[in-house]
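The values are calculated or read from the model by the stated rules, or taken from the named source; none is laboratory data. As the structure is a computational prediction, the values presented were derived from the model and not from experiment. As a convention, Cβ positions derive from the backbone with ideal geometry for all residues, glycine included, and neighbour counts pool all protein chains shown. Accessible surface is based on the protein model in full, side chains and every heavy atom, while ligands, DNA and RNA are left aside. Shrake-Rupley method; radii C 1.70, N 1.55, O 1.52, S 1.80 Å.
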Amino acid sequence: MKHFINLKDIPAKDLRRILIDAKKRKNVRKKLNNLDSDKGTPLKGKLLIQMFEKSSLRTRLSFFLAISQLSGRTLTLRPDELHLSKGGESIEDTAKILSNFGDAFMLRTDNDKKLEEFKKHLTIPIINGLSPSSHPTQILSDVFTVEEIKKKPISKLNITWIGDSNNVLNSLIAASIKFSFKLKVGCPKKYQPNKSMMNYIKKNKNKITIYNDPKKAVEGADVIFSDKVISMNDKVNKKRKLRDFKNFKISKNLMKKCPRAIFLHCLPRGSEVDENVFKSKQSKVWQQALNRVHVQKSILLYCFGKLR
Ligand code: CP
Ligand code: NVA
């Protein structure tokens with residue numbers, strides 16, 4: 001049994017095994033319907049319990065399809081219907097029940113400590129479906145998408161992030177260390193990665209460069225990543241933050257500076273990308289979103305110790 005909480009804590013070779021498995025599985029599904037099972041029904045009889053303390057469209061649907069295609073089932077709990085928070089039931093007792101009734105737990109939370117606390121008490125795997133500090137299932141899937149489109153290992157590509165230093169960027173930084181790819185980050189000075197991320201980058205002698213000029217950050221890029229300037233539960237002066245990011249909008253002009261680049265965005269989008277970029281040929285956001293199903297299947301198999 002393995003947990004999937006942070007890319008930082010998962011060996012690079014295991015992350016690569018997950019991607020190899022996802023590719024094999026995706027290749028043989030071309031003629032199948034969404035709910036058709038993969039050969040061998042690897043998770044038959046298994047129950048994935050999901051809980052979202054924050055909104056979700058893609059993660060919710062993609063985990064539903066992922067476990068279904070592996071022949072397991074999913075049940076989604078609403079946090080406001082449990083005793084956990086308002087009713088005062090402890091994480092320890094909740095975890096005991098989840099472990100007895102289910103086979104894996106996927107949690108989207110606003111509190112990183114909660115993931116750790118659940119991990120301590122669960123006897124089944126826990127998967128981080130987004131926390132304030134990371135979004136590992138998203139980024140592992142994005143590495144898959146980049147390699148699928150560019151037909152090259154990501155270590156041979158130049159990756160750029162334009163946007164806020166948020167959970168998604170933190171996971172991209174972790175991925176750049178695990179998969180050894182060059183990463184340029186373009187953001188206003190005030191919104192650079194925090195001290196602990198900077199220390200993590202330094203400790204791992206990574207080639208991450210930070211630019212406060214978006215034009216410099218996109219030079220030579222094969223992939224441009226972005227995300228909303230204001231994340232869920234971002235307790236900031238929204239007007240001011242949007243204003244601070246005004247020069248970091250992904251526009252046609254900016255994309256012209258990196259003609260071979262594809263555009264990726266985890267979604268949902270905000271005003272950080274212009275409509276004519278989002279809907280351009282360079283944008284691969286729909287393929288990116290669908291790949292979450294394929295990669296999460298292999299993440300589930302990894303957690304269950306059933307990766308081939
Ligand atoms: N990208 C992503 O995680 O989307 P949702 O918030 O809709 O799950
Ligand atoms: N950074 C965004 C990602 C949403 C999928 C957020 O946390 O809201």
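Identify all residues within region 252-261 that are open to solvent by less than 10 Å² (accessible area, probe 1.4 Å) and either among the basic types (Lys, Arg) or in contact (Cβ under 8 Å) with a residue 60 or more places away in the chain (or both); write none if there are none.
So the first thing to find is which residues in region 252-261 are open to solvent by less than 10 Å² (accessible area, probe 1.4 Å), and the list is 255, 258, 261.
Cys258, Ala261 - these are the residues of region 252-261 that are open to solvent by less than 10 Å² (accessible area, probe 1.4 Å) and either among the basic types (Lys, Arg) or in contact (Cβ under 8 Å) with a residue 60 or more places away in the chain (or both).
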Filtered residues of region 268-299 (kept if closer than 21 Å to Pro136 by Cα and touching a strand residue (DSSP E or B) at 6+ places or on another chain (Cβ under 7 Å)): Lys284, Val285, Gln288, Ile299
Return only the number of the condition from (1) assigned to a helix (DSSP H, G or I); (2) of a type in the set (S, T, N, Q); (3) more than 19 Å from Leu19 (Cα to Cα); (4) open to solvent by 50 Å² or more (accessible area, probe 1.4 Å) that Asn170 does not satisfy. (4)
Going by what's in this entry, would Glu81 be described as of a type in the set (Asp, Glu), within 16 Å of ligand 2 (Cβ to nearest atom), within 22 Å of Asp103 (Cβ to Cβ) and open to solvent by 30 Å² or more (accessible area, probe 1.4 Å)? no
Condition check: assigned to a helix (DSSP H, G or I), polar (S, T, N, Q), closer than 30 Å to Arg25 by Cα and away from ligand 1 (no atom under 16 Å from the Cβ). Does Ser155 satisfy that? yes
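Looking at Lys235, Lys284 in this structure, which one is within 24 Å of the chain's Cα centre (by Cα), touching a residue at least 40 places away in the same chain (Cβ under 8 Å) and open to solvent by 40 Å² or more (accessible area, probe 1.4 Å)?
On the way: Lys235 fails: touching a residue at least 40 places away in the same chain (Cβ under 8 Å).
After ruling out the rest, the residue left standing is Lys284.
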Among the residues of region 3-22 satisfying the criterion of being surrounded by 15 or more Cβ atoms within 10 Å (Cβ to Cβ) and among the basic types (Lys, Arg), which is farthest from the chain's Cα centre (by Cα)? Arg17
Checking Phe225 against (1) in contact (Cβ under 8 Å) with a residue 40 or more places away in the chain; (2) more than 23 Å from Lys182 (Cα to Cα); (3) surrounded by 16 or more Cβ atoms within 10 Å (Cβ to Cβ): exactly one of these is not met. Which one? (2)
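If I ask for residues that are more than 16 Å from ligand 1 (Cβ to nearest atom) and open to solvent by 20 Å² or more (accessible area, probe 1.4 Å), which ones from region 41-65 would you list? Quick ask: steps written out before the conclusion?
At the first step, the residues of region 41-65 found to be more than 16 Å from ligand 1 (Cβ to nearest atom) are 41-47, 49.
Result: Thr41, Pro42, Lys44, Gly45, Lys46, Leu47.
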Could you give me the residue pairs with C-beta distances under 7 Å whose first residue belongs to region 78-106 and is within 22 Å of Thr137 (Cα to Cα), whose second residue is part of a helix (DSSP H, G or I) wherever it lies, and which are 6+ apart or on separate chains? Ala95/Phe118; Ala95/His121; Ala104/Leu300; Ala104/Cys303; Phe105/Leu98; Phe105/Phe118; Met106/Phe63
From the set of residues in region 158-167 that are outside any loop (DSSP other than H, G, I, E, B) and open to solvent by 10 Å² or more (accessible area, probe 1.4 Å), which is farthest from ligand 1 (Cβ to nearest atom)? Asn158
Filter region 112-132 down to the residues that are in contact (Cβ under 8 Å) with a residue 24 or more places away in the chain and either closer than 18 Å to Leu169 by Cβ or within 14 Å of ligand 2 (Cβ to nearest atom) (or both) and list them by number. Asn128, Gly129, Leu130, Ser131, Pro132
Taking region 133-149 as the region of interest, how many residues are more than 15 Å from ligand 1 (Cβ to nearest atom) and either free of Cβ contacts under 8 Å to residues at least 60 places away in the same chain or under 16 Å from His265 (Cβ atoms) (or both)? 2
Do we find a residue being among the polar types (S, T, N, Q) and open to solvent by less than 10 Å² (accessible area, probe 1.4 Å) anywhere in region 97-111? yes
